[in-house]
1. Could you say whether any residue in the stretch 97-120 is aliphatic (A, V, I, L, M), out of contact with any Pro (no Cβ under 7 Å at 6 or more places or on another chain) and under 28 Å from Ala255 (Cα atoms)?
2. Does the stretch 100-114 include one or more residues that are assigned to a helix (DSSP H, G or I) and surrounded by 16 or more Cβ atoms within 10 Å (Cβ to Cβ)?
3. Contact list please: Cβ distance under 6 Å, first residue in the stretch 159-185 and in a helix (DSSP H, G or I), second residue of a type in the set (Phe, Trp, Tyr), pairs at least six apart or on different chains.
4. At least 2 residues that are under 18 Å from the mean Cα position of the chain (by Cα) and in contact (Cβ under 8 Å) with a residue 60 or more places away in the chain in each: list the helices (runs of 4 or more DSSP H) lying fully within the stretch 201-266 that qualify.
5. Which pairs turn up if I take residues in the stretch 81-92 that are surrounded by fewer than 24 Cβ atoms within 10 Å (Cβ to Cβ) and look for partners that are not in a helix (DSSP H, G or I) with beta carbon separation below 6 Å, at least 6 apart in sequence or on another chain?
6. Can Glu175 be described as over 19 Å from the mean Cα position of the chain (by Cα), modelled with pLDDT of 95 or more and not β-branched (Val, Ile, Thr)?
7. From Leu155, Leu161, Leu93, grab the single residue that is closer than 19 Å to Leu16 by Cβ and touching a Leu at 6+ places or on another chain (Cβ under 6 Å).
Amino acid sequence: MLSTANTIRSIHTERLQTAYYQTFGQRKPEYIELIERVAIEVLDHLAQSPDPYHNAEHTLYVTWVGQEILRGKHLREDTVSPEDWLHVIVSLLCHDIGYLKGACYQDCLHERRYATGIGNEVITLSSEATETSLSLWHVDRSKQFVEQRFRHSQLVNVDRLKQNIEFTRFPIPTEPTYQDTEHYPGLTRAADLIGQMSDPDYLKKTTALFYEFEETGLNLQLGYRRPEDVCLGHSEYYRTIVYPYIQTGLAHLEAAPAGNQIIARLYTNLFVAKRKFIPKCA
């Protein structure tokens, strides 16, 4: 199992390296070196997580989608700098690390005490609580992780990382600040949403996603009372909640080398979910 995880990690880091060099050549080679180190560190941590959905596999796929969005944007506009690339990719690699117990310095596993990511605030979880119990705070915890991990780095702007991660907050806040879909935080969010919806195994994971929602009460907020409701409401969820925030990301993907493959998977999932619940004729 560990060997398989290491192989997948190696393939992913090689993919990150290849895309960077294809886009920027030998410019800022220290950036891709940092990306590789972060990928290895984060994926090794997430590989130990028992979380059924927000795990290393999800992070791998979302980061790949984000990479292709950046490649498409660069091909369309020629405005993506190595710095932009670095900050989006590192943000995506770290955006769900807050689910992991032990990610923040204040976490104390044997006392079941965990940072919320908001100042010095901590919470105590029951002995039965899973990583999913940290869902309500995972964005703030992920932001705290990058602040603690990169506070002395000369290569990254921690505030940029935190702003990108903030835009992956879900449900998406209604404040005007969060409605921008074209800047890099908005594209980071698009990568997260598209990565979820286009995952080839997404429809197999909806049961795990339901129980994750249920542990925090988000299932009721989204109108899901049974695991099959996640699949049943897939099209409506996409149309009303996801699509308004991913249109720019989709436009960039259309220009990316692997972008149309991602888009095709997204629409395949929508089609399959819809057909699954069409009443059969007598």
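The values are calculated or read from the model by the stated rules, or taken from the named source; none is laboratory data. Predicted model, so just to flag it, every value in this text is computed and none were measured. Using ideal geometry, Cβ is built from the backbone for each residue, glycine included, and neighbour counts are taken over all protein chains shown.
1. Checked against the condition, which is being aliphatic (A, V, I, L, M), out of contact with any Pro (no Cβ under 7 Å at 6 or more places or on another chain) and under 28 Å from Ala255 (Cα atoms), the stretch 97-120 yields no hits at all.
2. no
3. These pairs meet every condition: Pro185/Phe167.
4. 202-216, 247-253
5. The qualifying pairs are Pro82/Arg27; Pro82/Lys28.
6. So Glu175 passes the test.
7. Result of the check over Leu155, Leu161, Leu93: Leu155.
Conditions (1) out of contact with any strand residue (DSSP E or B) (no Cβ under 7 Å at 6 or more places or on another chain); (2) of a type in the set (Phe, Trp, Tyr), marked per residue:
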| position | (1), (2) |
| --- | --- |
| Arg141 | no, no |
| His152 | yes, no |
| Val156 | yes, no |
| Arg169 | yes, no |
| Thr181 | yes, no |
| Tyr184 | yes, yes |
| Asp199 | yes, no |
